[in-house]
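Below is one structure, written out as structure tokens, with a few remarks after it.
A short reminder: the numbers here are calculations on the coordinates, not readings from a lab. Source: prediction; values computed, not measured. Backbone-built Cβ (ideal geometry, glycine too); neighbour counts: all protein chains shown.
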Amino acid sequence: MRRAPWTLLLAGATLCAAAHAQQDDGPSAPAESVVAAAAVPDAAEAAEAAPAPPDARADDIAAQEEKLYLDALRALSEGRPDEATGKLERLLEKNSLHAGAWLDLAISHCSLGNESEAERMFEQIETRFDPPPAIRELIAHYRKSGCKGAQVARRAMSFKLGRGYDSNVNQGSSNRFVTVGSGNQLSQVELGPDSLPKGDHFNLLSGDFNQPLGSRGMLLIAQLRALRHSQVDSQDSTSGLLALEKPWNAGAWTGRATAAFGLVRLGGDLYQRQGQLLLRAVPPVALGEATSWALTAGYSGAEYPTRRYYDSHTLDLGSTVAWSAKRATVVLAAGALADQGRASRPGGDRSAWYGSVNLFGALNDKAIGELGISRQSWRSERAYSPGLIDTTRRQNTTQLRASLQVPVGTHSALQLELRRTWNRENIPLFQYDSRAVQFSWRTDNW
């Protein structure tokens, strides 16, 4: 088996040092970009320096080793030294002469605080591989650090305070008169004031808290949101969410898995309990540095304590594609929903498709603009309420959103947001429009 050249080893070691510096100094370039920049040129050099393998099987083994090594470097760069340790140990079981794996495994042990094991491996590297001066200097650097363990990524908090106006806070019907009944027994009904649009000012307060757990990239997420109206207090709401998010990889696939639980109170009463599982996967497809693609799958269950006939279970399958230029990013998303409810739910089970386009761009040296449009179309399986509303519901909701954000100081920003919603239905009772404007102050990176 071939021995990894010290050029590739230096690339890996440099990457590890960069990862530790990133933990100390704050965000930098994405780990994938760093891996590509550091490892790819050296991999090419390794291919030129190594002798040709005697058969195809040897070539496959070498490719597997290089992939396992690069996966370990990525884990190190993303602050997961324990995961990197496992990958490097498996690599050394396959190829005990892989000098890069020896050094990076020693650095992983040092990052985890295993000083004695790190020192044992440093000594083995010096005696077995006769490393060049640059590698000896790197080893001396880690010895001097005392192997006190990697610093855990800092928690992050953000808060948002806003004031705004919505022309239809209760999603009141656009039609004052609606027709109900069945067959020849039809009658026209005038809706009461509570079913018609109500405009009102509102205040919004929200907070987000993210706490890294361990060194494997797991994240604890907590979110709180409170909305209060000046007059229509029946639409006042408070919501909270707790979630755990964890990165994963399977072969060349990577992604994140999330489990969440949330509560919503509306008008002072518990309105909804919801649990959700979400899986995000990034396929191993090379689309260029400017393009990224991800697949998503989600399953959620919702309970409505005061309206149990609305309880439901929803499956969500979707995909997102993002394209980035120097001063702008475009994000496209699309997916399908299958919503299964109780037998007593009006309209029965539902299915839907959705899509959105969002554009983010730097307008000058500071201001950031956003423009987005989304569309969602629901289709019920049967008549909404036989004998009263015999129509099978078809709901099409379109929302246009625009915002402008201007940084103020180091950790704060002011934001102006405009929203326009059109909800078009074949049942006039549920059709509505709304216009909203919101001005907010946000502070983050605490």
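Hey, what did segment 159-443 get for relative contact order, percent, Cα under 8 Å, at least 6 apart?
15 percent
How compact is segment 159-443 by the rule of thumb for globular proteins, expressed as Cα Rg over 2.2 N^0.38 Å?
1.13
For a protection proxy built on the mean count of beta-carbon atoms within 10 angstrom, sort 319-331, 292-304 highest first, please.
Taking the mean over residues of other Cβ atoms within 10 Å, the ranking is 292-304, 319-331.
Over the C-alpha atoms of segment 97-169, what are the Rg and the largest Cα-to-Cα span, Dmax, in Å?
Just the Cα atoms of segment 97-169 yield Rg and Dmax of 22.6, 76 Å.
For segment 367-379, just list the computed ³J(HN,Hα) in residue order, Karplus coefficients 6.51, -1.76 and 1.60, θ = phi - 60°, integers in Hz, with x standing in for Gly and Pro.
5, 10, x, 9, 9, x, 9, 9, 9, 9, 10, 9, 9
Of the trypsin sites (Lys or Arg not before Pro) in segment 333-432, which ones lie in a loop per DSSP and count no more than 16 other C-beta atoms within 10 Å?
Counting only loop positions with at most 16 other Cβ atoms within 10 Å, the trypsin sites (Lys or Arg not before Pro) in segment 333-432 are Arg342, Lys366.
Report the extension gain between Arg228 and Trp293 in nm, rounded to one decimal, defined as 0.36 nm multiplied by the number of residues separating them, less their alpha carbon distance.
Value of the extension gain: 19.6 nm.
Which far-off residues, 5 or more places away or on another chain, put their amide H under 5 Å from the one on Arg342, with H placed in the peptide plane?
Asp311
Could you give me the percent of Cα pairs per 5 Å distance bin for segment 209-366, shortest bin first, beginning at zero and ending with the bin that holds the maximum distance?
2, 7, 12, 13, 16, 18, 14, 9, 5, 2, 1, 0
Based on the Kirkwood radius over alpha-carbon pairs, what is the Stokes-Einstein translational diffusion coefficient of segment 381-446 at 4 °C with 1.567 mPa s viscosity, in µm²/s?
In µm²/s, the coefficient rounds to 86.
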